[in-house]
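The values are calculated or read from the model by the stated rules, or taken from the named source; none is laboratory data. No experiment lies behind these values; they were computed from the predicted model shown. Reconstructed Cβ throughout: ideal geometry from the backbone, glycine too, with neighbour counts over all protein chains shown. What goes into the accessible areas is simple: the full protein's heavy atoms, side chains included, and nothing from ligands, DNA or RNA. Shrake-Rupley method; radii C 1.70, N 1.55, O 1.52, S 1.80 Å.
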Amino acid sequence: MKKAVLFLVSAALFSSPLYADPQAVYDKHCKACHDAGLGGAPKPGDKAAWSARIAAGADAMLATVKSGKGAMPPKGTCMSCDDASLAGAIDLFVKQAQ
């Protein structure tokens, strides 16, 4: 019985998004490279760097994050993030650049 309960709890944890909080996604998977501009990553708040990305729209930015770009790996290393978690992190970048 204990094994069955442990299995169910583990399955629930690993089937749901690891990070529901956009700030947690940003802090763990975006901040290090974007804050430093590593590999050409646009820095948060850099309106010039973000303007074309923002103009392309949220769907285009999400597609880029999901597939990766340049030095950024797919999903920015957050393989457990769902689209909503990634979109939340993207929204943080957009808000900082406006």
Legend entry - Every pair of residues 6+ apart whose Cβ atoms lie under 8 Å, when the first sits in the range 39-58 and is under 15 Å from GLY76 (Cβ atoms) and outside any helix (DSSP H, G or I) while the second is open to solvent by 70 Å² or more (accessible area, probe 1.4 Å) and of a type in the set (Lys, Arg): PRO42/ARG53
Legend entry - In the range 42-61, residue farthest from ALA87 (Cα to Cα) [restricted to those that are among the small types (Gly, Ala, Ser) and open to solvent by 30 Å² or more (accessible area, probe 1.4 Å)]: ALA48
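For every residue, the table says whether it meets (1) among the acidic types (Asp, Glu); (2) at pLDDT 95 or above; (3) out of contact with any Phe, Trp or Tyr (no Cβ under 9 Å at 6 or more places or on another chain).
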position: LEU8; (1), (2), (3): no, no, yes
position: PHE14; (1), (2), (3): no, no, yes
position: LYS31; (1), (2), (3): no, yes, yes
position: ALA36; (1), (2), (3): no, yes, yes
position: ALA49; (1), (2), (3): no, yes, yes
position: ASP59; (1), (2), (3): yes, yes, yes
position: ALA63; (1), (2), (3): no, yes, yes
position: LYS75; (1), (2), (3): no, yes, yes
position: ALA89; (1), (2), (3): no, yes, no
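Being farther than 12 Å from PHE93 by Cα and without any contact (Cβ under 8 Å) to a residue 60 or more places away in the chain is the filter; apply it to the range 28-38 and report the residue that is nearest to the chain's Cα centre (by Cα).
Step one: of the range 28-38, the residues farther than 12 Å from PHE93 by Cα are 28-29, 32-33, 36-38.
In the following step, the residues that additionally are without any contact (Cβ under 8 Å) to a residue 60 or more places away in the chain were identified as 28, 32-33, 36-38.
Numbers: LYS28: 9, ALA32: 12, CYS33: 12, ALA36: 16, GLY37: 16, LEU38: 16 Å.
Filtering first and then ranking leaves LYS28.
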Inset, instruction - Output the number of the condition that VAL25 fails; it satisfies all remaining conditions of (1) outside any loop (DSSP other than H, G, I, E, B); (2) open to solvent by 80 Å² or more (accessible area, probe 1.4 Å); (3) not small (Gly, Ala, Ser). - result: (2)
